[in-house]
Amino acid sequence: MALKHDFYLIPKTTDIISFWHYTSDNGKYIEHIALHDDLILYITDTLKWIPTKNPGMRAITAGFGINYHGVTLLDKHSAVPLRNIFSAWRDLFNIAPEKIELTGDFVGEDNHQNGEYERLILNRDEIVRQLEKVIAMSERLLDGEYYVYHCGV
């Protein structure tokens with residue numbers, strides 16, 4: 001099973017504490033997109049520039065970046081950085097060949113002396129479509145009536 005990160009556009013009135021418990025059969029989201037973990041790992045450094053909140057904590061804490069193994073809440077304060085970062089990646093991938101080959105994580109033995117980097121093979125058009133969906137979600141955040149709810153791996 002491939003690892004993925006789910007992004008849901010939800011109304012601000014949604015119960016953000018328990019939303020992630022019911023994502024598989026939850027009719028409360030407006031839009032949804034799943035991004036492959038390889039793509040998230042590739043762009044993860046730039047995601048750390050986005051102001052976010054962690055609804056998984058008892059007291060919702062503010063921070064930056066997505067919670068890789070948990071949930072993340074993006075709101076109107078996240079909108080512009082989210083849009084700009086995903087737009088920049090979209091523009092970059094738009095000029096790539098149809099079959100994108102990227103360098104992934106180093107995979108080696110326990111001593112990390114023997115191994116090699118993973119080769120990631122991605123479809124340009126699919127990646128661009130996914131990035132555009134996140135960009136569209138970020139635009140909806142601007143008026144303060146919606147959240148983007150991220151569920152990590």
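Would you mind getting the accessible area per residue of the chain, heavy atoms of the protein chains only, 1.4 Å probe, in Å²?
Value for the chain: 58 Å² per residue.
Give the residue list of GluC sites (Glu not before Pro) in segment 1-108 that are DSSP loop and have at most 12 other beta-carbon atoms within 10 angstrom.
Of the GluC sites (Glu not before Pro), the ones in loops of segment 1-108 whose Cβ has at most 12 other Cβ atoms within 10 Å are GLU98.
Mind listing P(r) for the chain? All alpha-carbon pairs, 10 Å bins, whole percents.
Per 10 Å bin, starting at zero, the Cα-Cα P(r) for the chain comes out as 11, 39, 32, 15, 3, 0 percent.
Please give the charge dipole size of the chain, origin at the Cα centre, charges +1 on K and R Cβ atoms and -1 on D and E Cβ atoms. Round to the nearest 20 debye.
620 debye
Name the residue farthest towards the positive end of the dipole of the chain from the options GLY27, ASN94, THR13, assuming +1 on Cβ of Lys and Arg, -1 on Cβ of Asp and Glu, about the Cα centre.
THR13
May I ask you to evaluate 6.51 cos²θ - 1.76 cosθ + 1.60, the Karplus curve with θ = phi - 60°, for each residue of segment 118-127 and list the ³J(HN,Hα) values in order in whole Hz, giving x for glycine and proline?
My calculation for segment 118-127 gives 5, 9, 9, 10, 10, 8, 3, 5, 5, 5 Hz in order.
Could you sort ILE121, ILE135 by their accessible area in this structure, using a 1.4 Å probe and putting the largest first?
Per-residue accessible area, sorted high to low, gives ILE121, ILE135.
Please express the Cα-Cα pair-distance distribution P(r) of segment 56-144 as a list of whole percents, one per 10 Å bin, running from 0 to the bin with the greatest distance.
Calculated over all Cα pairs of segment 56-144, the distribution is 14, 31, 31, 21, 4, 0 percent.
State which entries of LYS99/LYS133; LYS48/LYS133; LYS28/LYS99 exceed 31 angstrom in Cα-Cα distance in the structure shown.
LYS28/LYS99
Can you give the alpha-carbon Rg of segment 15-87 over 2.2 N^0.38 Å, where N counts its residues?
In units of the globular-protein estimate, segment 15-87 measures up at 1.13.
Heavy-atom accessible area of LYS76 with all protein chains present, probe 1.4 Å, nearest 10 Å²?
110 Å²
For Cα pairs less than 8 Å apart in space and 6+ apart in sequence, what is the mean separation divided by the residue count of segment 10-128, i.e. the relative contact order in percent?
Relative contact order comes out at 17 percent.
The values are calculated or read from the model by the stated rules, or taken from the named source; none is laboratory data. Everything numeric in this text was worked out from a predicted model, so none of it was measured. Cβ atoms come from the backbone with ideal geometry, glycine included; neighbour counts cover every protein chain shown. The accessibility values were calculated without ligands, DNA or RNA, using every heavy atom of the protein model including side chains. Shrake-Rupley method; radii C 1.70, N 1.55, O 1.52, S 1.80 Å.
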